[in-house]
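What follows is a single structure, written as structure tokens, with notes after it.
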There are 6 protein chains.
Amino acid sequence: MKPVVVRNIKRADSNAVGTMQALGVSTSHEALGRSGLMKPYMRPIWAGASIAGPAVTVLAQPGDNWMIHVAIEQCQPGDVLVVGCTADNTDGMFGDLLGTSLKARGAKGLIIDAGCRDVKELKDMGFPVWSRAISAKGTVKATLGSVNIPVVCAGALIHPGDAIVADDDGVVVVPRGRAEKTVAAAAAREANEGEKRAKLASGILGLDMYAMREPLEKAGLKYID
Amino acid sequence: MKPVVVRNIKRADSNAVGTMQALGVSTSHEALGRSGLMKPYMRPIWAGASIAGPAVTVLAQPGDNWMIHVAIEQCQPGDVLVVGCTADNTDGMFGDLLGTSLKARGAKGLIIDAGCRDVKELKDMGFPVWSRAISAKGTVKATLGSVNIPVVCAGALIHPGDAIVADDDGVVVVPRGRAEKTVAAAAAREANEGEKRAKLASGILGLDMYAMREPLEKAGLKYID
Amino acid sequence: MKPVVVRNIKRADSNAVGTMQALGVSTSHEALGRSGLMKPYMRPIWAGASIAGPAVTVLAQPGDNWMIHVAIEQCQPGDVLVVGCTADNTDGMFGDLLGTSLKARGAKGLIIDAGCRDVKELKDMGFPVWSRAISAKGTVKATLGSVNIPVVCAGALIHPGDAIVADDDGVVVVPRGRAEKTVAAAAAREANEGEKRAKLASGILGLDMYAMREPLEKAGLKYID
Amino acid sequence: MKPVVVRNIKRADSNAVGTMQALGVSTSHEALGRSGLMKPYMRPIWAGASIAGPAVTVLAQPGDNWMIHVAIEQCQPGDVLVVGCTADNTDGMFGDLLGTSLKARGAKGLIIDAGCRDVKELKDMGFPVWSRAISAKGTVKATLGSVNIPVVCAGALIHPGDAIVADDDGVVVVPRGRAEKTVAAAAAREANEGEKRAKLASGILGLDMYAMREPLEKAGLKYID
Amino acid sequence: MKPVVVRNIKRADSNAVGTMQALGVSTSHEALGRSGLMKPYMRPIWAGASIAGPAVTVLAQPGDNWMIHVAIEQCQPGDVLVVGCTADNTDGMFGDLLGTSLKARGAKGLIIDAGCRDVKELKDMGFPVWSRAISAKGTVKATLGSVNIPVVCAGALIHPGDAIVADDDGVVVVPRGRAEKTVAAAAAREANEGEKRAKLASGILGLDMYAMREPLEKAGLKYID
Amino acid sequence: MKPVVVRNIKRADSNAVGTMQALGVSTSHEALGRSGLMKPYMRPIWAGASIAGPAVTVLAQPGDNWMIHVAIEQCQPGDVLVVGCTADNTDGMFGDLLGTSLKARGAKGLIIDAGCRDVKELKDMGFPVWSRAISAKGTVKATLGSVNIPVVCAGALIHPGDAIVADDDGVVVVPRGRAEKTVAAAAAREANEGEKRAKLASGILGLDMYAMREPLEKAGLKYID
């Protein structure tokens, strides 16, 4: 595989991305037909952050953060940097210096299928990171990878420009071409959920609200006193 | 195994349960003779909660939360819902809608050997959950399980009505028939611990307080300068 | 292996240790030539603590905390207790009573390649612990181990008296004989980082600041529009 | 929990057990309604063995095989020894001496949720073991557990006398009271499978044999050329 | 995501695939520029098999093998079936009946990022499977997925028709459009390796054969007597 | 840490090493006082091999096998190469070319806390390897490490020249200075075991042979009919 940097990518619609950020990961994932989710080992290094933005993608070598430096130049304000690795790795490939640089470019956050360090500093500067590990392990700059090619990150496939949504529930990828439809479905779903929440809070049971009693009986469920 | 819902269960004594909540997981587990603990991968989705209550149990299929809806109807104020799965699974089988419904029933919290989502919303509403994972992965409602049968959850055996104690140290199960004896033992232990704590804080060594020097020497321990 | 307690150990220079605490784990690890790091499964039981001190080491049996009692007597103010196990184990070998005793001796914290319990109490008393697990599982006092011999803890080798640095990024071991050189290298590195941080914050790219464009081209990286 | 040895247990019907051994784990598990399976980390230490027998159960402490010695006396010819632990552990709690003793009692094999050693010797003597790990780690004889009480082993609940079936596919537990019904269901299933196998081998598709085309279409599956 | 079955796919060149089978996984992976490898948790259920073929892909739900039945119809002689899941799962989604059917279609083997069962039967019939687990856990047929869309399996991206190579070293994916170039590179590499092997067997060191002494010295390696 | 190669090391006594190979891992580990064992994730890539020899040690970077080439030159006939990594890694750092070279030097086998590839070729040439993973993932030759310094491998500390014993039960390290004493203890133990084995095979119980009945009763064990 030739190492390349693709400079011009198409980004997911910014209105759709803005709405997704408000709707969050679980709702966006549902609206997408329950796909696109990264594996649950991807966790925020500090709680409470919630972002969305088009992906600038990196395929990196384990323990080598050379390509992250290359990728930062390709980031525009609002982007989310997504780093996949060619092998499982927990080394601290990202720290506060890279965070300072990404923030200066206007990037909204980092998703990395490897380790992150300088956790306290990144939290203090309000730069959100989702990673598979926290590790101070230093890395080298020895082998090329690529920027803005399709990558697999934490079990999900990301094309450059796809919308990334990340919050305390994890990280989901919405393909660029489906961003607007997903937002529409998610908004409808969300409206619907408000109503359901009120009913459930009043004591109405899901069994009744969703009319589950009959299908449960048909499936063979027995009640015993 | 026929899918069933057992409606009438006997619940652990509420006074005993109340005392256990104050004593916490580690003390209750010790008082029980060091048994009944769930595996340490069970973690609170937010820190600081501390609950105790009789168990309503669910045996669910991985990635299928149909039986949680069924179980909510069986919950009474003060109960703790405990969900085991027929296979290891991290899907987000529980979220804020189910949390709203459980809270409306007066349930004190959820213990689930699978994933949980809507972490921020559940924290905001003060509903505590202990789970093996956080995941936005959506689930289906396709296959029956059972409610209020004995289940294995995170390596522990729970009968319906057993007392569940959960806090930042994890989750412990106290069999219903042993709740009162356990509480008595735990209270004695706790009283004892306050005195020990004061001695240790004053600089007295455990070696002396527990009279360990002689058994250590007998076991063959040598000091070298 | 005969079970022994070595009473007189040489401790890493206290000035060096003090500086390391201010510099933190990632900087110390880098200054040491990227070695000495414990595996990233070692996590603080509460966030925000930052310590450094000479190691008092324990080799314990899994599920047996007898030797921790023995080791506390060997601790001096400023020490960090480091516990390795002869087999992987997550039992709660350390709790608030041992924490009270260690604190009374002036120890700064605990590093344990096993489980810890009484998390809330330890946090409330401000006693920091880095462990591989949180577990209420009780332990026995049945089999001897050793104190102040070289131990392997979370993949790192620690000699008694080595400097331990621990914060939110993890735990690093600086060999006693290299503490001062490491501090000098770390301080130089840190000074340098402040300057770099300012440049990156102003928008200068790492690609230019580190003069990476030419080596990247030589390595064969291609840009595609 | 008081440490006890229960001497008189009721064993699953020996005819039923004999049939289960011929039918194997996957068929028995299906006939049981897809329950009773131990977690897939339980693997045979050598391939090709296939056993079934009533369970003699042990609850042991991690790294302590004292109770296995106690349990051997309770084994009768044809029994399977099942060992659960109070905490996750991979120590080599069983080796060729214990294997020799168990074999002399006529026991058919061992299921242990911990480590096993002397793998070559056990294979040479034809004694089958399913374990979570292979480890030479030595163990102590220091703390009591119990024999022939209900135990959780690798996520499954076993009562003394339940039928255990184990082969290359893993380990399944058939509750004693359901052994005969399970065998009847399994035999029916097996007969049925022979016929299906012949059809599939002749090139008939499962899609047609199971009449899946209509339900797939109803569920919304689309074919694209 | 709409569930679809894509019927007409382009398959990797059969000559290239045949050569890859002879060259094996490690050589093919190297020739591809060290990419395309599935994670190392993918292991053969029996040792010694070696296959290559174009991929028919399946995206399945965890614990649900409905789509495997659908996919079998799309297989042609020489194909390799590749199954990815929407969430981590170890259930036994494939057994000897499906193996009989796949074999009747002329398929060469199965790659599944989930569990497999009937290990002995599949070995006896000589049908090779690479999976993440062995488990007898039964599955349902309740939720649709898709066939012949791009899927992520064990961390690798597979498009329908890509060449799959699998042996005792693992599983590698060669994109269809690069199959011939990869084969050419692999063959060259292999020829080269024979010569190297002979030199190394004669006692010539890699240090000399690869002329590493000078770069090692430049990098700063010191020899100490 | 300066990268160095130490050329002259003292090797464990060859007679002692020869005896250890015959006694095997479990017996040697017991004779050593139950220490020195590598973690049980270290498994042979093919079953049945049994080796012992003095260690030539390597500290390597993850995904970088440069130092293995350097270390081969330091191997003498009978040595065992032991490779530790500075971070967890499963890449295939060793294959049949390196195996051919090591074999030509007379080395007896490889212990590597990383991945291995060319499994079939290594088995065919009878070269034994114990590793944490099997992976075809290619590696680079970019960063220095060291040869013949103390290393941590799979949780065990190895000094150059220490005796390594490896078989189907795992890998144990016997410190060079304790090799002869360990062998003496192991031989005594082994003689003793033959007698015990005969007794146990004749039906005598461990309970009686080890005189456990009284201590069990004193510890509080109760028998229930």
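The values are calculated or read from the model by the stated rules, or taken from the named source; none is laboratory data. From a predicted model like this one, the values you see are computed outputs, not experimental measurements. Cβ placement follows ideal geometry from the backbone for every residue including glycine, while neighbour counts extend to all protein chains displayed. These area figures cover heavy atoms from the full protein model, side chains too; ligands, DNA and RNA do not enter into them. Shrake-Rupley method; radii C 1.70, N 1.55, O 1.52, S 1.80 Å.
The table that follows gives values for the structure above.
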read-out: Residue list for segment B:209-222, filter: at the interface with chain C (Cβ under 9 Å from one of its Cβ atoms), open to solvent by 50 Å² or more (accessible area, probe 1.4 Å) and out of contact with any helix residue (DSSP H, G or I) (no Cβ under 8 Å at 6 or more places or on another chain); value: B:PRO215, B:ALA219, B:LYS222
read-out: Enumeration of residues in segment A:24-77 that are over 25 Å from A:ASN8 (Cβ atoms), in contact with a helix residue (DSSP H, G or I) (Cβ under 9 Å, 6 or more places away or on another chain) and aromatic (Phe, Trp, Tyr); value: A:TRP46
read-out: Of all residues making up segment B:1-11, the number that are at the interface with another protein chain (Cβ under 9 Å from one of its Cβ atoms) and either among the aliphatic types (A, V, I, L, M) or buried (at least 23 other Cβ atoms within 10 Å of the Cβ) (or both); value: 4
read-out: Test set (1) open to solvent by less than 10 Å² (accessible area, probe 1.4 Å); (2) at pLDDT 95 or above - A:LEU32 fails condition number; value: (2)
read-out: Enumeration of residues in segment C:112-148 that are more than 9 Å from every other protein chain (Cβ to nearest Cβ), buried (at least 24 other Cβ atoms within 10 Å of the Cβ), without any contact (Cβ under 8 Å) to a residue 60 or more places away in the chain and in contact with a Lys or Arg (Cβ under 7 Å, 6 or more places away or on another chain); value: C:ALA114
read-out: Selection from segment B:79-111 of residues that are in a loop (DSSP other than H, G, I, E, B) and open to solvent by 20 Å² or more (accessible area, probe 1.4 Å); value: B:THR86, B:ASP88, B:THR90, B:ARG105, B:GLY106, B:LYS108
read-out: Set B:ALA60, B:ALA52, B:ALA47: member being surrounded by fewer than 24 Cβ atoms within 10 Å (Cβ to Cβ) and aliphatic (A, V, I, L, M); value: B:ALA47
read-out: Output for segment D:156-183, where each listed residue is under 11 Å from D:SER50 (Cα atoms) and part of a loop (DSSP other than H, G, I, E, B); value: D:ASP168, D:ASP169
read-out: Residues satisfying the stated conditions in segment A:1-49, i.e. among the β-branched types (Val, Ile, Thr) and under 14 Å from the mean Cα position of the chain (by Cα); value: A:VAL17, A:VAL25, A:THR27, A:ILE45
read-out: Among the candidates C:ARG117, C:ARG43, C:ARG105, residue that is modelled with pLDDT of 95 or more, under 28 Å from C:ALA185 (Cα atoms) and charged (D, E, K, R); value: C:ARG43
read-out: Candidates D:ILE51, D:ILE45, D:ILE72, filtered to the one that is of a type in the set (Val, Ile, Thr) and without any contact (Cβ under 8 Å) to a residue 40 or more places away in the chain; value: D:ILE72
read-out: Any chance C:VAL17 is of a type in the set (A, V, I, L, M, F, W, C) and within 26 Å of D:ASP91 (Cβ to Cβ); value: no
read-out: Segment B:24-37 residues that are without any contact (Cβ under 8 Å) to a residue 12 or more places away in the chain, paired with ones that are surrounded by fewer than 24 Cβ atoms within 10 Å (Cβ to Cβ) and of a type in the set (Lys, Arg) (beta carbon under 9 Å, 6 or more apart); value: B:GLY33/D:LYS2
read-out: Residue check, F:ARG189 under 30 Å from F:LYS10 (Cα atoms), more than 7 Å from every other protein chain (Cβ to nearest Cβ) and either out of contact with any helix residue (DSSP H, G or I) (no Cβ under 7 Å at 6 or more places or on another chain) or assigned to a loop (DSSP other than H, G, I, E, B) (or both); value: no
read-out: A:SER14, sole failed condition from (1) open to solvent by 40 Å² or more (accessible area, probe 1.4 Å); (2) in contact with a helix residue (DSSP H, G or I) (Cβ under 7 Å, 6 or more places away or on another chain); (3) hydroxyl-bearing (Ser, Thr, Tyr); value: (2)
read-out: Scan of segment D:192-204 for residues that are part of a helix (DSSP H, G or I) and either in contact with a Lys or Arg (Cβ under 8 Å, 6 or more places away or on another chain) or more than 10 Å from chain E (Cβ to nearest Cβ) (or both), ordered by number; value: D:ASN192, D:GLY194, D:GLU195, D:ALA201
read-out: Some residue of segment E:159-182 being surrounded by fewer than 20 Cβ atoms within 10 Å (Cβ to Cβ) and among the hydrophobic types (A, V, I, L, M, F, W, C); value: no
read-out: Filter result (surrounded by 24 or more Cβ atoms within 10 Å (Cβ to Cβ) and either over 15 Å from the mean Cα position of the chain (by Cα) or aliphatic (A, V, I, L, M) (or both)) within segment A:149-158; value: A:VAL151, A:ALA154, A:ILE158
read-out: Candidates C:SER50, C:SER131, C:SER101, filtered to the one that is under 21 Å from B:ARG43 (Cβ atoms) and among the hydroxyl-bearing types (Ser, Thr, Tyr); value: C:SER131
